[in-house]
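First up is the structure itself, then whatever we jot down about it.
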Amino acid sequence: MELLEERIRRDGVVKAGGVLKVDAFLNHQMDIELFSQMAEEWKRLFAGKPINKILTIEASGIGIAAVVAHHFGVPVVFAKKTQSINLDGTMYSTRIQSFTHNRIYDVIVSTRFLGPDDHVLIIDDFLANGCALRGLLEICESAGATVEGIGIAIEKGFQPGGDELREAGYDLQSLAIVEAMDPATGAIEFRAGAQGKT
Ligand code: 5GP
């Protein structure tokens with residue numbers, strides 16, 4: 001998606017260790033008009049799928065997922081990070097390794113808000129090694145929900161998560177795929193043909 005790539009080039013900051021900071025429009029200040037156009041792009045890419053729920057993970061996925069849910073006219077559920085898992089059967093839970101914070105945390109979704117009738121579109125801001133997504137996929141599997149697709153704003157193509165999930169057969173649509181980035185010069189290279197011309 002050219003609009004998103006241009007914005008990453010303009011306002012993204014390449015950090016050491018393969019981290020891209022996009023605080024100016026996505027992870028701290030949020031550009032809702034941009035989110036709206038991203039949502040329209042996902043609507044086009046997932047047209048015809050019987051999506052009745054958006055699933056994301058706190059915190060940074062929530063802003064985008066809320067706008068996407070509005071465009072699809074369906075509810076959004078976010079997986080919560082927690083210290084203490086309550087094992088009374090009212091929660092689906094999984095463990096996720098955090099790329100940015102380098103630690104493991106537990107994630108939960110209430111059984112009230114996800115179940116076998118749900119056809120889910122998973123939305124997140126970044127895809128790196130794919131740990132966050134695999135956690136959300138595991139939660140969908142526990143719930144018996146159908147995963148109709150995965151929409152990612154920025155995939156880092158030099159980390160393995162995206163290609164592994166595509167190989168596993170998921171309909172994964174990343175709106176910008178960063179192929180390489182250089183913290184010394186700030187240069188960012190995108191994978192050609194990553195979704196749409198808008
Ligand atoms: P994964 O689980 O795929 O390794 O990492 C995905 C999660 O880590 C995303 O939900 C995102 O919050 C965070 N993340 C991974 N890489 C980056 C990055 O380069 N920049 C930012 N801002 N967040 C990242």
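The values are calculated or read from the model by the stated rules, or taken from the named source; none is laboratory data. Worth saying up front: this structure is predicted, and the values here are computed from it rather than measured. A quick note on method: Cβ atoms are made from the backbone with ideal geometry, for glycine too, and the neighbour counts reach across all protein chains shown. Side chains are part of the model used for accessible areas, which takes the heavy atoms of the whole protein and leaves out ligands, DNA and RNA. Shrake-Rupley method; radii C 1.70, N 1.55, O 1.52, S 1.80 Å.
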I'd like to check one number: the per residue accessible area of region 39-198, probe 1.4 Å, reported in Å² as a whole number. 46 Å²
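From the helices alone, meaning DSSP H stretches of at least four residues, give me the mean residue ellipticity at 222 nm for the chain, per-run term -39500 (n - 2.57), in deg cm²/dmol to the nearest 500.
On the way: 5 runs with 57 residues, N = 198.
-9000 deg cm²/dmol, from helical runs alone.
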Given points 7 Å out from each Cα along the Cα-Cβ axis, report the residue 185 to residue 84 separation in nanometres with one decimal. 5.3 nm
For a quick check: with amide H placed at 1.01 Å from N, whose amide H comes under 5 Å from residue 129's, ignoring anything fewer than 5 positions away on the same chain? 161
Which residue, 88, 117, 171, tops the fluctuation ranking in a GNM of the chain built on C-alpha contacts under 10 Å? 88
Just to be sure I understand the model, the point goes 7 Å from the Cα along the line to the Cβ. What's the resulting residue 163 to residue 29 distance in nm? 3.6 nm
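Counting Lys and Arg as +1 and Asp and Glu as -1, each charge on the Cβ, what is the dipole of region 1-149 about the Cα centre in debye, to the nearest 20?
On the way: 15 positive and 19 negative charges, 62 e Å.
The dipole magnitude comes to about 300 debye.
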Work out Dmax and Rg for region 70-162 from the C-alpha atoms and quote the Rg first, both in angstrom. 13.4, 40
J(HN,Hα) series, region 20-28, from Karplus relation 6.51 cos²θ - 1.76 cosθ + 1.60, nearest Hz, glycine and proline x: 10, 9, 10, 5, 6, 9, 10, 9, 9
Accessible heavy-atom area order of 131, 140, highest first, probe of 1.4 Å: 131, 140
Springs between alpha-carbon atoms under 10 Å, Gaussian network over the chain: tell me which of 82, 185, 146 tops the mean-square fluctuations. 185
Show me, for region 109-121, the HN-Hα J-couplings you get by feeding each phi into the Karplus relation (A = 6.51, B = -1.76, C = 1.60, θ = phi - 60°), rounded to Hz, glycine and proline as x. 9, 5, 5, 6, 10, 8, x, x, 7, 8, 10, 9, 10
Just how far, in whole angstrom, is region 37-57 from region 103-170 if you go by their alpha carbon centroids? 14 Å
Percent of all Cα-Cα pairs per 10 Å bin for region 1-160, counting from 0 up to the last occupied bin, reads 10, 40, 36, 13, 1
Using amide H atoms built 1.01 Å from N in the peptide plane, name the residues 5+ places from residue 53, or on other chains, whose amide H lies under 5 Å from its own. 119, 121
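Counting only protein heavy atoms, what percent of the accessible surface of region 2-155 is carbon or sulfur at a 1.4 Å probe? Spell out each step's value before the answer.
On the way: 3640 of 7320 Å².
Carbon and sulfur: 50 percent of the exposed surface of region 2-155.
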Express in nm, to one decimal, how much length is gained between residue 6 and residue 103 on full extension, taking 0.36 nm for each residue of separation and deducting their alpha carbon distance. 31.7 nm
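Below 8 Å, C-alpha to C-alpha, sequence gap of six or more: please give me the relative contact order for the chain in percent. Before the final figure, lay out each step's value.
On the way: 383 pairs, mean separation 40.5, N = 198.
Relative contact order, the chain: 20 percent.
Provide the gained length on full extension for the span residue 44 to residue 129, in nm with one decimal, where the gain is 0.36 nm per separating residue minus the Cα-Cα distance.
Details: separation 85, 0.36 × 85 = 30.60 nm, distance 2.62 nm.
Contour length minus the Cα-Cα distance gives 28.0 nm.
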Computed over the chain: longest principal axis from alpha-carbon atoms vs helix 2-11 long axis, angle to nearest 10 degrees, is 70 degrees
Mean shadow area of region 1-90, taken as a quarter of the surface of its Cα convex hull (nm²): 8.1 nm²
